Structures are given as structure tokens and as C-alpha cells.
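Asker: Provided herewith is a single structure, encoded as C-alpha cells, for subsequent inquiry.
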Amino acid sequence: MNFSKLKFAWWIVPISSLIIVAFFQIGSSFLEIDFDIWQHLIKYVLPLAVWNTIGTLFLACVGVIVIGVSSAWLVSNYQFWGRSFFSWAMIMPMAIPPYIMAIVYIDAFDYSGFLQNFLRNFLQTGHSFWHIRSWWGLTLVLSLSFYPYIYLFCRSAFLTQGQELTNVARSLGVSRWRLFLKLTLPMSKPWILAGLYLMAVETLSDFGTFSVFGIDNLTTTIYKAWFGLFNHQLALQISSLLLFIILIFWQLSKLIGRRRHFTNKDPRHSFYPLTRHQSWLAIGWLSLIFGISFLFPVVRLIIWVWQDFSTSFNWRYLDFAYNSLTISLITASITVFLGLILTLARHYRGSLLTRWWIQVSILGYATPSVVLAVALYVPFIKFDFWLSNLFGETKILGGTLLALVFILCQRFLSPAYQNTTSMIKRISANQGLSATTFGASKIRILIKIYLPALRNGLLTGFLLVFMDVMKELPITLITRPFGWDTLAVRVFEMTSSDMFERAAFPSLCIVLISSLVIIVINKSIESNQYG
Amino acid sequence: MGNQGSPQKSPALIVSGLNFTYRRQLNPLFKDLDLTIESGEIGCLIGHSGCGKTTLLRAIVGIIPITSGTIKLGGKVVSSVKEHVPIEKRNIGMFFQDYALFPHLTVAENISFGLFRWKKSLRQARVKFLTKLLAIDNICSQFPHEISGGQKQRVALARGLAPEPQLLLLDEPFSNLDSELREFLVFEIREVLKKTRTTALVVTHDQQEAFSLGDKMGVFLNGSIAQWGGLQDLYHRPVNRFVANFVGDGAILPGRLILDKLVKTELGKIYLKEKLESCPSSLVEVLVRPEDLCYDEKSPLMALLVFKSFRGSYYIYHLKLASGYRVYMFISSRHKHQIGQSVRIRLKSQFLTAFPLKELE
């Protein structure tokens with residue numbers, strides 16, 4: 001619409017304030033550089049941290065591509081017994097935060113772990129069969145945790161490419177295997193890259209898993225600079241390095257996946273029947289992935305809880321669970337509301353400036369939690385200090401729940417916004433216009449036309465944020481009020497002191513709640529697709 | 001294409017006794033469907049949308065298995081109850097309504113997609129030949145989203161023709177184009193198909209397309225092919241009133257058989273082209289095309305003008321006879337009759353087509 005070209009949705013400015021403050025903080029941290037510490041860092045700390053970060057990321061990328069693409073290919077192309085079960089079962093690992101996956105695998109393969117013992121006895125060797133606290137262990141855990149991203153993107157790519165192209169290619173004499181290499185895979189490249197980018201951001205900003213493994217990466221280095229050295233400037237300076245790496249990945253994914261997504265209007269999709277042997281192979285492969293990425297961790301947690309219930313259960317856990325649920329609910333509600341405001345701003349005043357501003361507002365998704373928390377902590381304290389000078393002792397943002405909610409909202413605004421926006425794009429401008437011709441007011445159109453249409457997007461956004469907050473660790477860890485623990489924080493504290501079995505109960509809570517959320521989201525997406 | 005010797009006389013495609021019912025549906029889509037296309041011929045199949053034309057193509061190309069009957073390609077059975085040659089082994093070219101170009105490949109790469117077994121030099125020569133033939137040699141390095149609808153159509157055609165298929169199937173090839181471009185392209189595509197001596201089966205819902213594109217034509221009706229033959233035959237000698245209704249414009253008038261080939265109607269006495277077979281009663285229905293009538297100031301026959309549609313050099317008049325039946329008539333656009341006015345008309349053609357009335361129910 002032409003008249004809106006110059007209009008700027010001024011009301012969205014406050015939504016992005018925190019991210020701007022955070023970036024401002026990071027930028028201004030360079031005003032004061034301690035060269036001695038940097039020399040030390042460059043010599044002893046950073047090379048290893050960067051190497052660990054990039055190296056494991058690369059390996060995990062290979063892992064998730066192998067697992068994610070193969071499983072998506074199987075469930076979206078072939079008909080075999082259990083296909084529809086696997087179709088949603090393959091996304092279940094999303095319910096397990098990688099740091100919980102890490103606990104389970106470290107426990108199983110550590111020197112005294114039960115799988116390690118079993119393998120040692122089985123292979124009759126005295127030494128360890130596999131050193132789990134290594135790159136390889138980490139890669140395994142990251143791959144198993146993050147492959148659903150690739151799986152989801154690939155599945156929707158494979159399912160929406162349409163049967164027509166496949167049929168044309170086949171009528172030109174191309175075999176199935178060649179078809180996959182020459183047609184399906186290249187056409188899915190943008191999707192795979194989008195999945196890889198998300199997964200890369202998750203891995204780069206991961207804090208919990210790397211610290212459980214005791215492998216230093218950039219986020220743990222930032223955390224150490226902040227918590228160990230109490231050096232705020234330094235933490236922010238290292239953060240900028242991490243952000244720079246994320247920026248490179250962003251550019252890379254844009255560069256390689258430049259071409260647009262291909263979808264086909266023809267929704268017909270048929271599944272190719274497999275022979276009995278092929279079916280067993282497919283079921284075997286998918287069961288293996290499902291088994292080691294979801295079933296095994298969940299069963300392991302349940303056994304732990306069962307065995308140690310009397311010792312590990314504590315009435316305080318109810319408090320943690322209550323805290324987790326409250327913070328997740330509050331954050332998800334606010335975030336969805338803010339996401340809706342951004343969506344409407346884009347819809348009604350979608351000028352370049354508005355859209356640009358929205359992009360800034362949702363940058364939180366690409367800003368690692370640790371960075372956001374560290375960058376905002378000091379300005380919050382300063383704000384309180386400034387208020388205290390004016391009105392006497394006040395504590396509004398320094399180590400309060402309010403601060404925590406603020407930061408979490410800023411971090412997870414993106415999923416809430418993206419889901420509503422993708423929904424509003426389906427409403428044609430003419431639908432709104434035709435309602436206007438009946439004399440409906442803007443508010444009425446919003447309530448009668450847009451909100452019902454956006455319902456699914458709002459719900460999905462809400463659930464995604466809810467789950468993210470439930471699993472979130474660093475922001476809660478750094479900015480929570482003193483003594484106010486959530487399930488995730490409890491897991492982290494117990495694992496930091498190597499008391500894995502005592503982390504089992506809160507872990508299981510997180511996994512079960514997240515599983516529930518995923519099942520609901522999946523149902524709503526499916527009903528949306530076919531309904 | 002390569003064999004310039006004696007042209008093969010055997011049919012390129014024989015479909016016989018084809019039956020097909022969609023799962024969970026009672027009505028069969030095909031009932032004992034038979035269809036034969038000779039080598040080098042362009043056959044056009046017309047029918048209402050949703051009548052199963054596309055499904056027939058899908059069965060021929062091998063996307064869906066068939067439950068009875070056989071499909072033979074060049075004398076070899078490719079589909080039967082027992083046998084199902086996979087799509088990639090059939091050597092049938094397929095042209096889809098929305099072109100289905102591979103979006104990640106350039107025009108040249110799209111065309112050579114099916115030539116992966118060819119030698120590189122041959123492949124290049126083939127692409128060059130086809131792009132030149134279809135006048136798309138200037139867009140070879142562009143991507144499908146960068147070219148126009150008409151160009152896309154040519155690329156899709158070139159891609160289908162590239163591996164020299166035994167048979168080319170075209171599903172509504174012109175439906176995504178605007179009407180001006182359409183008329184021009186229909187002619188062009190016929191030229192290309194003829195030049196490459198391609199056997200083709202086209203399905204469309206537009207009879208004009210079928211008229212200008214095909215050598216033979218068929219009407220798809222209630223799960224089988226009601227009539228298959230030359231274009232003239234279908235227009236002038238439709239086998240039943242459904243075919244008559246579908247091919248060309250025209251009105252159906254009741255009549256009474258007086259003699260073997262003589263029918264009395266409201267328009268007067270009419271001679272039939274052929275003697276009616278199996279006519280249970282003397283009641284018949286006569287097909288009156290718009291060109292069968294003409295305006296005649298001296299004629300005693302009057303009809304009420306209820307609607308007229310301007311076509312440039314002529315009008316089509318919708319006329320109501322005294323009995324209430326409607327007929328259509330072409331008339332020069334110089335005439336200026338008002339709607340509601342009575343117009344004197346006369347039967348111009350001597351011979352018409354009639355159908356026994358039994359088909360009414």
C-alpha cells in the first residue's frame with residue numbers, strides 16, 4: 001500500500017529497547033580495553049574456545065544432516081508400517097534440552113557408567129572403550145538434540161515440493177536415487193540451510209551442554225569472565241566475538257541459500273510402498289534414532305527418579321516447578337502479545353523503516369542468552385541505582401523477576417512474531433478491504449477477521465516460547481533473584497556438582513512438560529495443514 | 001524421429017478395457033475405456049473438468065496403477081493388472097498444466113535433464129536444436145522464475161520432447177496462458193509436434209484448442225470415450241446428443257420421423273445425413289447448429305429474439321421458437337434487431353443429424 005510507505009509504527013520502538021541497550025553496552029565495552037588480559041586470552045583461552053565452538057559445530061552439522069535428512073526422506077516418501085508414528089516421533093527429541101541429553105550420555109559412558117561397563121566386559125578390555133567427555137561425545141549429544149530442526153525443515157520441503165516435479169523427472173527416465181540427488185536435495189537446499197542456521201545459532205549460544213561436558217566454548221568463556229573474573233567489560237568484549245561468528249553464519253546461510261523456497265500448488269502427495277526388507281531397514285533406522293535420541297534418555301531419567309525417589313525428591317522441587325511454570329507462562333503471554341503488536345505493525349504500517357525496526361526487535365533469537373543477560377545486567381543495576389538516588393532505596397530491575405521476564409521476552413520474541421506473521425500473510429489484503437467496504441471499523445476487523453485467523457499462530461508461538469523458557473538456562477541463572485530457582489537451574493546446579501541422579505527429577509519434569517507442548521503444537525500444525 | 005524409412009503403421013498407444021475407481025468412491029472413473037492413437041498423430045481429448053482426463057494421463061504415464069484392462073505402448077504392455085512398468089522405464093514425455101519446471105535449474109539444464117545417458121556432444125546438440133525450434137535459444141541460461149508464461153510453456157515442451165519420447169502427454173497445455181497468446185501458441189506447438197513427428201495425446205476442456213491442435217479428437221464422457229475420430233466427424237456426425245452438446249454450439253429440437261431419413265420439426269422438414277439405427281419410436285432429436293439457420297425476410301417462420309451476443313463481424317442470436325425451444329443463429333452484425341423483436345428465419349442446411357429419443361432419460 002502506497003500511503004503507508006512513509007508511516008512508521010512508532011509504538012513498536014519500546015519493544016526493541018532492550019536489544020538496543022544490549023548492543024550499545026557491547027559496543028561501549030570497547031572504550032576500555034585491558035590489553036594484558038586480552039594478551040592472555042588470545043594466547044591461552046580464546047583459540048581453544050573458538051576451536052571447540054567451531055569444530056563441534058561443524059561435526060554436529062554433519063551429524064544432524066545425516067540424521068535429519070535421512071529420516072525426513074524416509075517418512076515423507078515411503079509407505080511403511082509405522083510411518084505416521086515416526087513422522088511425529090522424530091521431533092520428540094526437541095523436548096529434551098541438550099544439557100539433559102548430555103547428563104544421560106555422560107552418565108552412561110563415563111568410566112563407571114553402565115554402558116561403559118557393559119562394553120568393557122563385552123570387549124574384554126581393561127581401558128575405556130570411548131571417552132565420552134570429548135568432542136565426539138559432545139557431537140553425538142548435539143546431533144541428537146538438534147537434528148529435529150533439519151528434520152522438520154526437510155520434511156516440509158519434501159512434502160511441499162509436490163509430486164508433479166517428481167513425476168516429470170521420472171517420466172524423463174530418472175531413477176529414484178538420481179532423483180533424490182539431482183532434484184529433491186538441491187531444491188531443499190534453502191530449507192536445509194535455514195535449519196542448519198537455527199541449529200548453528202543454538203549450538204553457538206549453548207551454555208549448558210558445553211559446561212556439563214567440561215568443554216570450553218565462547219559462551220562458557222563469557223560466563224567465566226563474568227562470574228569468575230567479575231569482569232563485565234571483558235565478558236562483553238568476548239560476546240562481540242561470538243556475535244561476529246553468528247553474523248558470519250547468518251551471511252553464509254543467506255549467501256548459499258540465496259534462491260527462494262520452492263513450493264508447489266498441487267498438494268497431492270503419495271507415498272511409495274517399500275518391500276518387506278526395505279520396510280524393516282527403514283523402521284530399523286528410524287527406531288534407532290528415536291531410541292537413542294528420545295526413548296533412552298527418558299527411560300534413563302525415569303529409572304533414576306524411580307531408584308532415588310526417596311533421596312532425590314524434595315518438596316522444594318514443587319517450588320522449582322512452580323517457578324518454572326510461572327515464569328514460562330508469564331513470559332510466553334507477554335511475548336505473544338508483543339509479537340502480535342509487531343505483526344500488526346508490519347501489516348498496517350509495513351514501511352521499510354517499520355520492517356527494519358521489527359528485524360532489530362527480534363534480534364534476540366540470534367543473541368546468545370549469556371550475552372543478553374551479561375549485557376543487560378549492569379544497565380539494570382545502574383537504572384536501579386539512578387532511581388535510588390532520586391527516590392531512595394529502590395529495586396526494580398536489579399536481580400528481580402521483572403528484569404528476568406524483560407530479558408526472556410526480548411530473547412524469545414522471534415518465534416512469537418514469526419508464527420503470527422506467517423499466519424497473517426495468508427489473509428489477503430482484499431479480505432480486510434472487503435470488510436472495510438461493509439463499514440467495519442479497524443478494531444472490528446481486527447477482532448472479527450484477523451484474530452481468529454491468527455489463533456493457530458498465536459498458540460504455536462505461545463507454546464514455543466513457553467517451552468523455550470522452560471528449558472532456558474543462562475538468563476535465569478544470571479539474572480534470577482537470589483534463591484529463586486527453576487527446574488533448569490536446579491538441573492544445572494546438581495550436574496555442576498556431578499550429582500546426576502539428583503538432577504533427574506527436575507530434568508524429567510522439563511522433558512515431560514516439553515513433550516506435551518510439542519505434541520500439542522504438532523497437532524495444531526497438522527490440523528492447520530489439512531483442515 | 002530418426003527413422004525416415006517406412007513410417008510405422010502400428011498404433012503408438014492402445015488403451016483397452018480400462019477400469020478405474022478411486023478408493024472409497026462408488027462411481028468408477030473409467031468404464032471399459034478404449035483409446036488408440038496412431039504413430040505420429042496428435043489426439044485431443046476433451047471433457048468437463050473433473051471428468052477423469054488427467055487421471056487417464058496419469059494412468060498412461062504410470063503414476064497410478066490400473067485395476068483392469070491394458071495399456072500398450074508401441075505394442076508392448078506397460079500397464080495391466082499383473083504388470084506395471086515404472087514411469088522411468090516407459091519413455092513417455094509428460095507436460096503438466098503448470099509446466100512443473102525444475103526451479104533450481106536453468107532453462108538449458110531443464111531441457112537436458114532427461115538426457116543424462118546421452119553423450120555430452122549429442123546432448124548439447126539436442127538442446128540447441130530444440131531451443132532453436134521453439135525460439136527459446138536466447139533464454140537458455142535463465143531460471144524458470146525469470147521467464148514469462150509463454151516461455152515456460154515452450155521450455156516444458158522442449159524438456160518433454162528432448163529424450164525423443166514414444167508418446168508425449170499434454171495436460172491442459174494452454175490453460176495458464178491468456179487467450180491471445182494461446183491462439184498463437186496452439187499453432188506453433190502443432191508445428192513443432194509435426195516437425196519432430198511426435199505422437200501426442202492432449203487433454204483439454206477447450207474445444208477450440210482441440211480443433212486447432214489435433215488430428216483426431218475424442219469426447220470423454222461418463223468414464224469412457226463417447227466418440228473418437230476426425231475433427232469433422234465429431235462436429236458434423238456426433239454419435240449422441242452429449243457429444244453434440246460438447247463439440248461446437250448448437251440446439252436440440254424434438255422431431256418426428258416420417259420416413260427413413262425424413263424428420264418433421266418445428267423448423268420444417270429435415271433430411272438426415274444417415275439413416276438412424278435402433279430407433280425405438282418415431283420420436284427423435286435433431287441437432288441444429290447456428291450455421292444451419294439463416295435470416296430470411298420472406299420466411300413464414302418467426303422466432304423471438306431473446307438475447308444477442310456481439311462477436312465483431314457477426315452476432316449470435318438466441319431465438320425462442322413458438323414451442324418455447326431455443327435455437328441459435330449466426331447473423332451479420334449489420335442487422336439491428338432489438339431484443340424482444342420477432343425475427344424471420346429459415347433452415348439453410350439440407351442435411352442434419354438426429355438422435356433417437358431413448359437417450360433422453
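No lab work stands behind these numbers, since they all come straight from the coordinates. The structure presented is a predicted model; accordingly, all values stated were derived computationally and were not measured. Counting neighbours? That spans all protein chains shown, and the Cβs are built from the backbone with ideal geometry, glycine included.
Asker: Under the rule a/c < 1.5 gives rounded, and otherwise a/b versus b/c splits prolate from oblate, where does region A:431-517 land using the Cα gyration tensor?
Answerer: Since a/c reaches 1.5 and a/b is larger than b/c, the shape of region A:431-517 is classed as prolate.
Asker: Taking θ as phi - 60°, what are the ³J(HN,Hα) couplings along region B:222-231 by the Karplus curve (6.51, -1.76, 1.60), each to the nearest whole Hz, with x for Gly and Pro?
Answerer: Calculated HN-Hα couplings, in order: 6, x, 8, 8, 5, 7, 9, x, x, 4 Hz.
Asker: May I pose another question? Give, rounded to the nearest 20 debye, the magnitude of the charge dipole that chain A has about its Cα centre when Lys and Arg contribute +1 at Cβ and Asp and Glu contribute -1 at Cβ.
Answerer: Values: 39 positive and 21 negative charges, 526 e Å.
Approximately 2520 debye in magnitude.
Asker: Okay, next question. Can you tell me the FRET efficiency between residue A:356 and residue B:197 if r is taken as the Cβ-Cβ distance and R0 is 60 Å, rounded to the nearest 0.05? Working shown, then result.
Answerer: On the way: r = 58 Å, r/R0 = 0.97.
My answer for the efficiency is 0.55.
Asker: Could you tell me which chymotrypsin sites (Phe, Trp or Tyr not before Pro) in region B:242-305 are loop residues by DSSP with no more than 15 other beta carbons within 10 angstrom of their beta carbon? Write down the numbers at each step before the final one.
Answerer: Numbers: sites: B:242, B:246, B:271, B:295; in loops: none.
Taking region B:242-305 and a limit of 15 other Cβ atoms within 10 Å, no loop chymotrypsin sites (Phe, Trp or Tyr not before Pro) are found.
Asker: Here is a further query. Quick check on the protein assembly as shown: helices-only [θ] at 222 nm, where DSSP H runs of length 4 and up contribute -39,500 (n - 2.57) each and the sum goes over total residues. Nearest 500, please.
Answerer: Value at 222 nm, helices only, nearest 500: -16500 deg cm²/dmol.
Asker: I would also like to ask the following. With +1 on each Lys and Arg Cβ and -1 on each Asp and Glu Cβ, and nothing else charged, work out how big the dipole of region A:83-238 is about its Cα centre, in Debye to the nearest 20.
Answerer: In debye, rounded to 20, region A:83-238 gives about 680.
Asker: Can you check what the net charge comes to around residue A:305, using other residues whose Cβ is under 13 Å from the Cβ of residue A:305 (Lys, Arg +1; Asp, Glu -1)?
Answerer: Working: positive: A:300, A:502; negative: A:308, A:501.
For residues surrounding residue A:305, the net value is 0.
Asker: Within region A:394-474, list the chymotrypsin sites (Phe, Trp or Tyr not before Pro) lying in a DSSP loop whose Cβ has at most 12 other Cβ atoms in a 10 Å radius. It would help to have the intermediate numbers written out before the result.
Answerer: On the way: sites: A:406, A:412, A:417, A:438, A:450, A:462, A:466; in loops: A:412, A:438.
Those that pass, being in a loop and sparsely packed, are A:438.
Asker: Considering the dipole of chain B built from charges on the beta carbon (Lys and Arg +1, Asp and Glu -1) around the Cα centre, which of B:236, B:342, B:221 is farthest to its positive end?
Answerer: B:236
Asker: For region B:199-246 and region A:474-516, write down the distance between their C-alpha centroids in whole Å.
Answerer: A separation of 73 Å, based on Cα centres.
Asker: Let me ask something else about it. Using the Kyte-Doolittle scale, find the helices of chain A whose mean hydropathy is at least 0.0 and whose Cα atoms extend 30 Å or more along the helix's long axis, counting only whole DSSP H runs.
Answerer: A:46-77, A:135-160, A:232-256, A:316-348, A:369-391, A:500-530
Asker: Could you work out which residue, out of B:24, B:311, B:58, moves most in a Gaussian network model of chain B, that is, has the largest mean-square fluctuation with Cα springs under 10 Å?
Answerer: B:24
Asker: Let me ask something else about it. How much net charge surrounds residue A:415 when only the other residues with a Cβ under 14 Å from the Cβ of residue A:415 are counted, with Lys and Arg +1 and Asp and Glu -1?
Answerer: -1
Asker: Let me see the pair-distance distribution of region A:188-234: every alpha carbon pair, 5 Å bin width, integer percents in order.
Answerer: 5, 21, 19, 17, 14, 9, 8, 4, 2, 0
Asker: Pull up the cross-link candidates among the lysines for residue B:31, meaning alpha carbon to alpha carbon under 20 Å and not fewer than 8 places away within one chain.
Answerer: B:53, B:72, B:82
Asker: Turning to a different aspect of this structure: Collect residues whose amide H, placed 1.01 Å from N in the peptide plane, falls under 5 Å from the amide H of residue A:397; neighbours closer than 5 in sequence don't count.
Answerer: A:384
Asker: Using the Cα centre as the reference, give the magnitude of the dipole from point charges on the C-beta atoms of region B:271-361 (Lys, Arg: +1; Asp, Glu: -1; all else neutral), rounded to the nearest 20 debye.
Answerer: Rounded to the nearest 20 debye, it is 520 debye.
Asker: For region B:295-303, in order, what is each residue's ³J(HN,Hα) by Karplus, 6.51 cos²θ - 1.76 cosθ + 1.60 with θ = phi - 60°, in whole Hz (x at glycine and Pro)?
Answerer: 7, 8, 4, 8, 5, x, 7, 10, 9
Asker: A further question follows. Going by a ≥ b ≥ c, the root eigenvalues of the Cα gyration tensor, does region A:105-249 fall in the rounded group (a/c under 1.5), the prolate group (a/b larger than b/c) or the oblate group?
Answerer: oblate
Asker: Given H placed on each backbone N at 1.01 Å, which residues far from residue A:216 in sequence or on other chains put an amide H within less than 5 Å of it?
Answerer: Correct list: empty.
Asker: Which one of A:433, A:418, A:451 is farthest out on the positive end of the charge dipole of region A:309-454, using unit charges on Cβ (Lys, Arg +1; Asp, Glu -1) and the Cα centre as origin?
Answerer: Projecting each Cα onto the dipole axis, the largest value belongs to A:433.
Asker: Among A:310, A:143, A:270, whose Cα sits farthest toward the positive end of the charge dipole of chain A (+1 at Cβ of Lys/Arg, -1 at Cβ of Asp/Glu, about the Cα centre)?
Answerer: A:270
Asker: Can you list the residues, at least 5 places off or on another chain, whose amide H is less than 5 Å from the amide H of residue A:231, using H built in the peptide plane?
Answerer: Counting only residues 5 or more places away or on other chains, the set is A:226.
Asker: Run the simple label-point estimate for residue B:22 and residue B:67 please: 7 Å along Cα→C-beta, distance reported in nm.
Answerer: That separation, rounded to one decimal, is 1.3 nm.
Asker: Could you give me the ³J(HN,Hα) list for region B:252-261, computed from phi with Karplus coefficients 6.51, -1.76, 1.60 and θ = phi - 60°, whole Hz, x at Gly and Pro?
Answerer: Ordered by residue, 3J(HN,Hα) equals 10, 10, x, x, 10, 6, 9, 10, 3, 10 Hz.
Asker: With angles folded into 0 to 90 degrees, how steeply does helix B:120-133 sit against the dominant principal axis of chain B? Use alpha carbons for both and round to 10.
Answerer: 30
Asker: Indicate the gyration tensor shape class of chain A (rounded, prolate or oblate), computed on the Cα atoms with a ≥ b ≥ c the square roots of the eigenvalues: a/c under 1.5 is rounded; otherwise a/b larger than b/c is prolate and the rest oblate.
Answerer: On the way: a/c = 1.56, a/b = 1.02, b/c = 1.53.
Judged from the Cα gyration tensor, chain A comes out oblate (a/c at least 1.5, b/c at or above a/b).
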